[in-house]
Amino acid sequence: MNRKHDKVKVDESEPTGAEDAPFEARDVRVKKDKWVTDVYTVDSLLGKGKFGEVKRCHERKTGRELAAKFIDVSCSEDRLDALNEVDIMRRLQHPRLLQLYDAFEDKKTFCIVTELVNGGELFERVINEDFILTEKASVVFMRQICDGVAFMHSQNVIHLDIKPENILCLTREGNRIKIIDFGLARKYNPDVDLRVLFGTPEFVAPEVVNFDPISPATDLWSVGVVCYVLLSGLSPFCGDTEQETFANVTCANWDFNAEEFESISIEAKDFITKLLVKDQRKRLSAKECLEHQWLRPSLKRAGHYPERSLSKKRLRKFVYRRRWQKAVNAMLALKRMGVTLSQNPIASHSHAGRSYKK
């Protein structure tokens, strides 16, 4: 049999979480008396962005393969952001979240060592010709996303950049996912007025665009957008311009009119409807999402959802467009080189902007 053309159907069993802990729980402290190369062998480049670059590395003592994220902290504000990212990751020990392993700091560079995730972006894997995408498979992925978000929120952390690029597959074959990139995450105190002006336009919540106080519900809006795109390949708020996208978000202007939703279950539509609510107080919490009838595991519902494959034509177009946007943003970032970002504080690049507290 020619395995090259075999279709891959996602394992629809519920991930237990215990079997994919990458390493024992670690109480990571930032090391200033040594550098990453004193302990690890740093290898090939895995990725590059506005923050710096990520490289594969090996711990000499154990041989463990990990990822090293290098961040330029020449500016004191960048250093504070890097320290915030480490502090937040220290409290997020959960199998659905990228795990922190080590951290180093010198005068100009910060290095955050994390587990290595080899499966690539979830949407990149899903659009592969050999992958069968069904509604049941989507349930498996969305439940894990909500599980990770629920744990974050239980630790009083808001991610603030939930989007497809920040959801990776643990391996290229299994059904486990990881939420990554806590560079924009913030600690949440309900008694403190926290407002931010950053995010990715298609996934950002109305309260961010309006510079209103945010809450854990801000992440749940983004979860709803991710779910909408996964099931249909359509971006519910994307306009022809950035300003049009923001206008659609602030009006909560969206619907299920596209033909792609004709074969989607009522339960799935209800799940999305209860997340894409303009009033953040009325959105489902992450914990409530896990109890929603669409995500709740049940033997009675095992054969309920349509088995037929979902069309991936639109989803491919979505992924290709996002790739193009990422390339353009990287090119513009190189050209700017210290020049101020556009006047709109919520720029296309997710790391544009700062957080504000009152």
- line: The number of residues in region 22-49 that are buried (at least 16 other Cβ atoms within 10 Å of the Cβ) and closer than 16 Å to Ile180 by Cα is 3
message: Condition first: touching a strand residue (DSSP E or B) at 6+ places or on another chain (Cβ under 7 Å), among the hydrophobic types (A, V, I, L, M, F, W, C) and without any contact (Cβ under 8 Å) to a residue 40 or more places away in the chain. Now tell me which residues in region 63-106 satisfy that.
response: Val73, Ala82
task: Give me a count of the residues in region 63-101 that are under 11 Å from Ile112 (Cα atoms) and small (Gly, Ala, Ser).
output: 3
field: Matching option when the condition is more than 21 Å from the chain's Cα centre (by Cα) and of a type in the set (A, V, I, L, M), among Ile266, Ile214, Ile180, Ile167
entry: Ile266
message: When you check Asn210 against the structure, is it surrounded by fewer than 20 Cβ atoms within 10 Å (Cβ to Cβ) and under 29 Å from Asn257 (Cα atoms), yes or no?
response: yes
- prompt: Can you tell me which residue in region 284-327 is modelled with the lowest pLDDT, limited to those that are closer than 30 Å to Gly49 by Cβ and open to solvent by less than 50 Å² (accessible area, probe 1.4 Å)?
  reply: Arg322
- prompt: Which members of region 213-229 meet the condition of being surrounded by 24 or more Cβ atoms within 10 Å (Cβ to Cβ) and among the polar types (S, T, N, Q)?
  reply: Thr218, Ser222
field: Positions within region 230-264 being of a type in the set (Ser, Thr, Tyr), within 18 Å of Glu135 (Cα to Cα) and surrounded by fewer than 17 Cβ atoms within 10 Å (Cβ to Cβ), in sequence order
entry: Ser263
query: If a residue has to be open to solvent by 10 Å² or more (accessible area, probe 1.4 Å), of a type outside the set (A, V, I, L, M, F, W, C) and not in a loop (DSSP other than H, G, I, E, B) to count, how many in region 147-157 make the cut?
result: 3
task: Mind listing just one residue for me: the one in region 125-146 that is open to solvent by less than 30 Å² (accessible area, probe 1.4 Å) and among the charged types (D, E, K, R) and, of those, farthest from Tyr320 (Cα to Cα)?
output: Glu135
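With respect to Phe104, determine if the residue is under 26 Å from Glu24 (Cα atoms) and out of contact with any Pro (no Cβ under 9 Å at 6 or more places or on another chain). Walk me through it before giving the result.
On the way: under 26 Å from Glu24 (Cα atoms): yes; out of contact with any Pro (no Cβ under 9 Å at 6 or more places or on another chain): yes.
Judged against the criteria, Phe104 is a match.
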Failed item, numbered, when Leu170 is tested on (1) in contact with a Gly (Cβ under 6 Å, 6 or more places away or on another chain); (2) modelled with pLDDT of 95 or more: (2)
statement: Residues of region 164-187 being surrounded by fewer than 19 Cβ atoms within 10 Å (Cβ to Cβ) and over 22 Å from Phe23 (Cα atoms), in sequence order, are Lys187
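The values are calculated or read from the model by the stated rules, or taken from the named source; none is laboratory data. Bear in mind that the values here come from a model prediction, so they are computed numbers and not experimental data. Methodologically, a virtual Cβ is constructed for each residue, glycine included, from the backbone with ideal geometry; neighbour enumeration extends over all protein chains shown. For the accessible areas, the whole protein counts, side chains as well, though only heavy atoms, and no ligand, DNA or RNA atoms are used. Shrake-Rupley method; radii C 1.70, N 1.55, O 1.52, S 1.80 Å.
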